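Read the structure below first, then the notes.
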Amino acid sequence: MSTIVWFREDLRLADNPALSAAAERGAILPVFILTEHGTRSLGGASRWWLHHSLRALDADLCGLSLHQGNPESILESLARRTGATAIYWNRRYTPEAIAQDTAVKTHLTEVGLEVRTFNAALLNEPWEIATGSDTPYKVFTPYWKAARNRPVAAPLPTPAVTLLQRLDDSDTHTDWALTPTAPNWARTWVDHWQPGEAGARARLTAFLDEGLETYSRDRDRPDLPVTSRLSPHLHFGEISPRQVHAAVNVHASLDPILTSGTEKFMSEVGWREFSYHLLYHFPTMATENWRPTFDAYPWLEAPQHLDAWQRGQTGYPFVDAGLRELWQTGFMHNRVRMIAASFLVKHLRIHWREGEAWFWDTLVDADAANNAAGWQWVAGSGADAAPYFRIFNPTAQGQRFDPNGAYVRRWCPELAELDTRLIHAPWEASPMELAAAGVTLGATYPNPIVDHGEARAAALEGYRRIKTA
């Protein structure tokens, strides 16, 4: 019996439950459908990654059928034309995706097709972890403690697959024009990334060999190559959390010195799980304040400040380096994401939704659950959020986590010749020091667009107003 396997955010062969189950049943037609029916449009960075990931999956499968439009009608038509009697896919968890999948499953079942769905994206599905009173967790630490007490299934091997013949009306990757051309702002991204299952495995191996040992100590240092950079591979499903869990634990079992790094790294994987837990149980989290009291916060309409933040021209080097890294690579180090997000929300008092939208468009790992949970955490409006009075000092954060200025020098090269003691606060340099470094504030590098002390006081006043309202 033949089966259609509908690929979505599971662009891999190994540990792919839908693919493995379908392969056991008989020949398969692997299908990817580009659709915006009922789901959020992909950002530009995600479209770039998807293009390259689909090319890799097509090569690995030796035949991926590509279609564009309404999944209900496309899948029904493909089943009728190929004689497939079942359609398998792996589940998704955003509100829009759940609604779409429910409608597609209902329709396909009504026309007589067998539909089966599987978990390929999470260690624990959002409904599997609950408090003692059978309510969703709202704080990460107890959530992760409960999750860690549950066994994790071993990842599935790559199945032997027999393919049905690809239909003549399959699109090609170039038909969809997913990559930018005029201008090609992603022209250097291939120097930083290898989308696809092979790239994901290589990235995991490199992290285990080079980053895991010092991860717990140095993971907040954007100037050091310590973090895994697996997030886009996980988002697009080129590797699964089960594969990561198994590989990390095998590696750690060979060397006890890796224990602390393993625990810390897996807690970061756990934050991704927790984000999906929250979004599933609180589906408006991606668009609305989780804490309704924040609806009254006095946000500012400041398009010039938003533009300066997006372009990495705020006058605060640690923030600017992060935004420029994002633009030039589609990625930003997690510590810097927190500082950049805090600056937008608390220094500029611009609504977190503006930042979430920018990250959605520019991050290769743009992920609805992680993105919303992270921004609301920083803003103080979310579950398990940072205290509202915690306002990161971008200068002090840069001095602490980029102590030699290497990160700033890489992404803000106009400041490269400044002395290390001034690299995170160029406005403190004397005219002679600026001249010696070739820096002209307000010309080659901007003056700070806000004063830290004044911005902090204004943010705290805004929080005080909603707290006492």
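Scoring 106-118, 130-142, 415-427 by mean Cβ neighbours within 10 Å over their residues and listing the highest first yields 415-427, 106-118, 130-142.
Looking at the chain, the DSSP beta bridges with both ends there are about 0 percent antiparallel.
Here the chain is treated with +1 on each Lys and Arg Cβ and -1 on each Asp and Glu Cβ, and its dipole about the Cα centre works out to around 800 debye. Estimated at 0.36 nm per residue, the fully extended path between Glu125 and Met432 surpasses their Cα-Cα distance by 104.6 nm. Between Asp307 and Thr135, the distance separating the two model label sites (each 7 Å from Cα on the Cα→Cβ line) works out to 4.7 nm. Within straight-line reach of Lys145, meaning a Cα separation under 20 Å, sit the following lysines at least 8 residues removed in sequence or on another chain: Lys264. Between the C-alpha center of the stretch 383-461 and that of the stretch 162-237 there is a gap of 31 Å. Note on Ile257 and Arg80: their simple-model spin labels are 6.4 nm apart, each label 7 Å out from Cα toward Cβ. Binning all Cα-Cα separations of the stretch 396-447 at 5 Å, short to long from zero, yields these whole-percent fractions: 4, 24, 34, 24, 11, 1.
The share of C-alpha pairs in the stretch 221-378 whose separation exceeds 21 Å stands at 51 percent. Across the stretch 3-120, the relative contact order, built from alpha-carbon pairs under 8 Å that are at least six residues apart, equals 37 percent.
With 0.36 nm allotted per residue and the present C-alpha distance subtracted, the Glu461-Arg25 stretch has 150.7 nm of extension available.
Estimated translational diffusion coefficient (Stokes-Einstein, Kirkwood radius over Cα pairs, 25 °C, 0.890 mPa s) of the chain: 103 µm² per second.
Relative to the longest principal axis of the Cα atoms of the chain, helix 352-362 runs at roughly 60 degrees. If R0 is taken as 30 Å, the Cβ-Cβ distance between Asn404 and Trp185 corresponds to a FRET efficiency of 0.55. Give the angle, between 0 and 90 degrees and rounded to the nearest 10, that separates the Cα long axis of helix 259-281 from the longest principal axis of the Cα atoms of the chain. Its long axis makes an angle of about 70 degrees.
The Kirkwood hydrodynamic radius of the stretch 292-464, based on inverse pair distances between different Cα atoms, is 16.3 Å. Hey, how many Å between the Cα centroid of the stretch 42-89 and the Cα centroid of the stretch 304-365? What the calculation gives is 33 Å, centre to centre. Computed over neighbours whose Cβ is under 9 Å from that of Leu13, the net charge equals -2, Lys and Arg +1, Asp and Glu -1. Taking 0.36 nm per residue of separation and subtracting the Cα-Cα distance, full extension of the segment from Glu417 to Thr162 would add 85.9 nm.
For His281 and Leu441, what does the FRET efficiency come to when R0 = 56 Å and r is the distance between their Cβ atoms, rounded to the nearest 0.05? After rounding to 0.05, the efficiency reads 0.70. Taking a sphere under 11 Å around the Cβ of Ile98 and counting the other residues whose Cβ falls inside, with K and R at +1 and D and E at -1, yields a net charge of +1. Projecting the Cα atoms of Pro298, Ala437, Phe392 onto the charge dipole of the stretch 292-464, computed from C-beta unit charges around the Cα centre, puts Phe392 farthest toward the positive end.
No lab work stands behind these numbers, since they all come straight from the coordinates. Note that this is a predicted model, so its numbers are computed, not measured. Every residue, glycine as well, gets a Cβ built from its backbone with ideal geometry; the counts of neighbours run over all protein chains shown.
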